[in-house]
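Asks: Below are the structure tokens for one structure; questions will follow.
The values are calculated or read from the model by the stated rules, or taken from the named source; none is laboratory data. Everything numeric here is computed off the predicted structure, so don't read it as measured data. Quick reminder, even Gly has a Cβ in these numbers, built from the backbone with ideal geometry, and neighbours come from all protein chains shown.
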Amino acid sequence: MTEFFNTTVGLGYEWSWFLATIVGILVIALPLMLAVAMIIYADRKIWAAMAMRRGPNVVGPFGLLQSFADGLKVFLQETIIPTAANKGLFLLAPIITFTVALIVWAVVPFQAGVVLADINVGLLYILAASSLGVYGVILAGWASNSKYPFYSALRAAAQMVSYEVAIGFTLISVVLWAGTFNLSGIVLGQQNVMGIHLNGFGFNPLLFPMAVLFLISSLAETQRPPFDLTEAESELVAGYQTEYSSMSFALFWLGEYANVILMCVLNATLFWGGWLPPVDWAPLYAVPGILWLFAKMLLFFFVFGWIKATVPRYRYDQLMRLGWKVFLPLSLFWVFLVSGVLMWMRVGFGS
Amino acid sequence: MIQAIAFYLFAAVVIVSGALTISSRNPVHSVMWLILAFFNAAGLMVLVGAEFIAMLLVIVYVGAVAVLFLFVVMMMDIDFAQLRTDVARYATIGLALGTALAVEVMIAAFAWSEGRIDLARRAAPIDPAMPNIAALGQLLYTRYLFLFEAAGFVLLVAMIGAIVLTHRERAGTRSQHVGRQVARRPQDATRNVKPTVGQGVEL
């Protein structure tokens, strides 16, 4: 793309790089918004099927256009700002949530070489950007100047900070095994893992527990059920979103689901081979890698929906206990274990 | 060109948000400006090619430290009159700190104009082609291994110290024992009775 602007259009290298990046951002962000709309529909359909209901089936064929109808509805609503709210931060909060949900996608590799920013600290970038996500929630809760959103904000802050620690250590064992922070490098490092012709760290018995741990932590990090204490409707009305309406609400909604898709993609990329086919067998590589990635993403999304439909909500102290007393020691021990095994495999005892 | 634009953008935002951190009246706004300053400082780090430090700055300071700041500040009951009287009380020490910082910045600027530090003469030169995360790892785990571990120990001691100092064992609290809760079965906890009419149940 940079060459196209540089040679065909005849701009300088810097400006052609700039334009190419803008185009790249649009190529990722616009389909992502469409994907979010469809994934909300899929979520509702999965949930409905598990509860033996029909789910959305009125707008468009099979209710496919339901999300767009909802989007149009919130777009036409009035934006209500509570008089006691801190206006600037109240409006900033959904923008932060939405932006942060989008910027993480810059480093996600969709296929060999198809990534917007192939940086060598890709995984750290993801951790950095996802740690920003908590600000949208905290600010929304505080700026609303209302009790329930504030409780929700405090819960969200504690929850996300706690689970980020566990996620960080879980990812360290992946990084140790792959030897790189670059996401494309991590995907390529999963090819034919352990020499058993399967692609994915999850097939490695040593890393499989970390895959499970990451899946659960990613549920907590995106505040999906059973960890959706920030918007527990039986206790906190709608949590930090209580005072929001119209587009400011829709931005939370879009950001939340964009984050959910991202976590599904990360589960696929970090533990289940990303764009590689699950089995290391030549004919399977004929299928474009992006299709494998999407298939894995949808599978994980189904798992997320399944959990949402079947698992009851955790109590808050149980959530904290799970994060600090179970996941943190376990993942910390696993870092130790994985580095020990790698030392043994690559260096050997007593050297 | 784009680098220059990015540099001036980040630098200007760092300075402006730094100034606003001090001058804004609402402490929550102050913390938000501080976060913006951290974030743009990370941008400057990326521009000088220290992407690992930049990411660490965002993860540690923006992702953890500032969240705790915000946590504390949000829950404070802010009394503005009290804040103003405190300004006078801490003015001298603030002025002293400010002067020290200003002098340090000036010394650094003079030293810089005298001539840059020759990076090629470092004790442990690194391959410029190596990504700086790998270079840092190389140095920390070989040349500076003991220092690195000593730093780790200091942090561990600090952490345990903080826990020891703040942890209070209170007698008579009814804490939960998760194992016991999970092990509890319906037949241990419930009793199936058929009370006769007008008799009630003995509990």
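Asks: For the condition farther than 21 Å from B:ALA66 by Cα, within 14 Å of chain B (Cβ to nearest Cβ) and either without any contact (Cβ under 8 Å) to a residue 60 or more places away in the chain or of a type in the set (A, V, I, L, M, F, W, C) (or both), what is the one hit in A:GLY179, A:GLY189?
Replies: On inspection, the qualifying residue turns out to be A:GLY179.
Asks: Residues to consider are A:VAL108, A:VAL174, A:VAL114; find the one that is under 14 Å from the mean Cα position of the chain (by Cα), among the hydrophobic types (A, V, I, L, M, F, W, C) and closer than 25 Å to A:ALA295 by Cβ.
Replies: Result of the check over A:VAL108, A:VAL174, A:VAL114: A:VAL108.
Asks: Then there is this: Quick check on my filter: what residues within segment A:323-351 are without any contact (Cβ under 8 Å) to a residue 24 or more places away in the chain and within 26 Å of B:VAL178 (Cα to Cα)? Break it down stepwise before answering.
Replies: So in segment A:323-351, the residues without any contact (Cβ under 8 Å) to a residue 24 or more places away in the chain come out as A:325-326, A:329, A:333, A:336, A:340, A:343-351.
Hits for segment A:323-351 are A:LYS325, A:VAL326, A:PRO329, A:PHE333.
Asks: Also, I was wondering about something else. Report whether or not A:ALA106 is surrounded by fewer than 22 Cβ atoms within 10 Å (Cβ to Cβ), in contact with a helix residue (DSSP H, G or I) (Cβ under 9 Å, 6 or more places away or on another chain) and in a loop (DSSP other than H, G, I, E, B).
Replies: Spelling it out, it is not the case that A:ALA106 is surrounded by fewer than 22 Cβ atoms within 10 Å (Cβ to Cβ), in contact with a helix residue (DSSP H, G or I) (Cβ under 9 Å, 6 or more places away or on another chain) and in a loop (DSSP other than H, G, I, E, B).
Asks: Closer than 26 Å to A:LYS87 by Cβ, of a type outside the set (Val, Ile, Thr), out of contact with any Ser or Thr (no Cβ under 6 Å at 6 or more places or on another chain) and buried (at least 18 other Cβ atoms within 10 Å of the Cβ) - does that describe any residue in segment B:9-32?
Replies: Yes, there is a match, as at least one residue in segment B:9-32 is closer than 26 Å to A:LYS87 by Cβ, of a type outside the set (Val, Ile, Thr), out of contact with any Ser or Thr (no Cβ under 6 Å at 6 or more places or on another chain) and buried (at least 18 other Cβ atoms within 10 Å of the Cβ).
Asks: With the requirement that a residue be among the β-branched types (Val, Ile, Thr) and at positive phi, what does segment A:202-251 give you?
Replies: Of everything in segment A:202-251, just one residue is among the β-branched types (Val, Ile, Thr) and at positive phi, namely A:VAL237.
Asks: Got a number for residues in segment B:15-52 being among the hydrophobic types (A, V, I, L, M, F, W, C) and touching a residue at least 40 places away in the same chain (Cβ under 8 Å)?
Replies: Total meeting the criteria: 5.
Asks: Quick one: count up the residues across segment A:243-262 that are outside any helix (DSSP H, G or I) and crowded, with 19+ Cβ neighbours inside 10 Å.
Replies: So the count comes out to 2.
Asks: Does segment B:7-28 contain any residue that is within 11 Å of chain A (Cβ to nearest Cβ) and touching a Leu at 6+ places or on another chain (Cβ under 6 Å)?
Replies: no
Asks: Let me ask another. Checking the condition surrounded by fewer than 13 Cβ atoms within 10 Å (Cβ to Cβ) and not in a loop (DSSP other than H, G, I, E, B), which residue from A:PHE68, A:PHE75, A:PHE62, A:PHE98 passes?
Replies: Result of the check over A:PHE68, A:PHE75, A:PHE62, A:PHE98: A:PHE75.
Asks: So which of A:GLY239, A:GLY189, A:GLY202 is surrounded by fewer than 20 Cβ atoms within 10 Å (Cβ to Cβ) and either out of contact with any Lys or Arg (no Cβ under 6 Å at 6 or more places or on another chain) or of a type in the set (Gly, Ala, Ser) (or both)?
Replies: Answer to the check: A:GLY189.
Asks: For a quick check of your reading: which helices (runs of 4 or more DSSP H) sit entirely within segment B:33-145 and have at least 2 residues that are at pLDDT 85 or above, touching a strand residue (DSSP E or B) at 6+ places or on another chain (Cβ under 9 Å) and not hydroxyl-bearing (Ser, Thr, Tyr)?
Replies: Hits in segment B:33-145: none.
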